[in-house]
Amino acid sequence: MKINYQETTSDLLTRIDIHNKYGGRNIDDWMLQLLPLRKGMKILDVACGAGKQCFSFFQALDGDADITGGDVSEDLLAKARQENARTGNRVKFTELNFNQRFPFEDNTFDMLSCCFAIYYAEDIPFTIREMHRVLKPGGHLFTSGPMPENKQLFYDVIREATDKPIPPMPGSSRYGSQILDAMQATFAKVDVNIFENPLTFDDVQPFIDYTRASLSEDRKLWSSFFQGKEDFERMMQAITTAAQRRQEKDGKLVMTKVVGGFVATR
């Protein structure tokens, strides 16, 4: 299954920044608590983007780990390499397309992570098998992604503003079903953990900034909603009006992120 998806550095970083500013809980702390991290580990972060997870592991382990980040986007890898200067370039970054055979030998890594990306895989069982292949026996795979209940306010406001049904989202429609099924079919053990994080907006603007970045980042998934810049801006104005009505009624906007964290053991 090929998914029309396009991720840009600026939109992705805008969403991450809003999560950090307005979220009630820290998802990085939650993920680090779930994982069996130990110094000296060899770690691969698949679809590493701008390197956020790699740098989180590096900091948590005081730099005592062999960490590699792989991504298909040259723009995001360039951003990761720029940030890597702060570590003394001790994290490795490489091109990696998880729809193809991974450029690593069998039984190479102690831990592999793939955060908020695996549901874009064209052939989920193939990608999961590749992750399994490059892990050492007893190694762990960690994935994260949105569950079906994720950020309902976001979808409710868009539905109200446009009077259109929400298209299937690769994350919430595939992660807790196809991804989990493939992991359970491939790995000896899979633990399911749920993270809920309410993002509270006392003002409409940060919610609109998040919505704009999300629709722009995932614009190919929303192609039935707008065609071109003018169409997009008209839709954003309608979304702003709908969000303002809700904010005036409730005094604030609360969008709850509902994330699944699956920890598989080979």
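Each reported figure results from applying straightforward, stated rules to the coordinates on display, with no laboratory input. What you are looking at is a predicted structure, and each value in this text was computed from that prediction instead of being measured. When we count neighbours, we look across all protein chains shown, and the Cβ atoms used for this are built from the backbone with ideal geometry, even at glycine.
Please compute the contact order of the chain in relative form: average sequence separation of alpha-carbon pairs under 8 Å and at least six residues apart, divided by the residue count, as a percent.
Relative contact order comes out at 25 percent.
Evaluated at 4 °C with a viscosity of 1.567 mPa s, what Stokes-Einstein diffusion coefficient in µm²/s does the stretch 60-198 have when Rh comes from the Kirkwood expression over alpha-carbon pairs?
Details: Rh = 17.1 Å.
Roughly 76 µm²/s, to the nearest whole number.
Take the Cα radius of gyration of the chain and divide it by 2.2 N^0.38 Å, with N its residue count; two decimals is plenty.
On the way: Rg = 18.8 Å, N = 266, 2.2 N^0.38 = 18.4 Å.
Compared with the compact-globule rule of thumb, the chain sits at 1.03.
About the Cα centre of the chain, what is the dipole size in debye to 20, counting +1 per Lys and Arg Cβ and -1 per Asp and Glu Cβ, all else neutral?
My answer is approximately 280 debye.
In deg cm²/dmol and to the nearest 500, what is the mean residue ellipticity at 222 nm of the chain if only DSSP H runs of at least 4 residues count, each as -39500 (n - 2.57), divided by the residue total?
My calculation for the chain gives -13000 deg cm²/dmol from helical runs alone.
For an R0 of 30 angstrom, estimate the FRET efficiency from the Cβ-Cβ distance between Q247 and R15 and round to the nearest 0.05.
0.90
Is there a pair in K21/K164; K151/K189; K42/K220; K21/K249 whose C-alpha atoms are over 25 Å apart, and which pairs would that be?
Beyond 25 Å: K21/K164; K151/K189; K42/K220.
If you average 1/r over every pair of different alpha-carbon atoms in the stretch 171-254 and take one over that average, what Kirkwood value in Å do you get?
Working: mean 1/r = 0.0637 Å⁻¹.
One over the average 1/r among Cα pairs gives 15.7 Å for the stretch 171-254.
Can you put I194, I67 in order, fewest other beta carbons within 10 Å first?
Exposure proxy ranking, most exposed first: I194, I67.
Binned at 10 Å from 0, what are the whole-percent values of the Cα-Cα distance distribution for the stretch 86-158, short to long?
16, 39, 26, 15, 4
Compute the relative contact order of the stretch 1-104 as a whole-number percentage, counting only Cα pairs closer than 8 Å that sit 6 or more residues apart in sequence.
Averaging sequence separation for qualifying contacts and normalising by length gives 24 percent for the stretch 1-104.
Which Cα, out of L141, Q247, F154, lies furthest along the positive dipole direction of the chain (beta carbon charges, K/R +1, D/E -1)?
L141
What is the extension gain from N193 to D29, computed as 0.36 nm multiplied by their sequence separation minus the C-alpha to C-alpha distance, in nm to one decimal?
Roughly 57.7 nm would be gained on extension.
Answer with one residue from G176, V263, G70: the one whose Cα lies farthest towards the positive end of the charge dipole of the chain, charges on Cβ with Lys, Arg +1 and Asp, Glu -1.
With unit charges placed on the Cβ atoms, the residue in question is V263.
How long are the three semi-axes of the equivalent ellipsoid of the stretch 56-102, in whole Å, if each is the root of 5 times an eigenvalue of the C-alpha gyration tensor, listed from largest down?
Working through the eigenvalues yields semi-axes of 20, 13, 7 Å.
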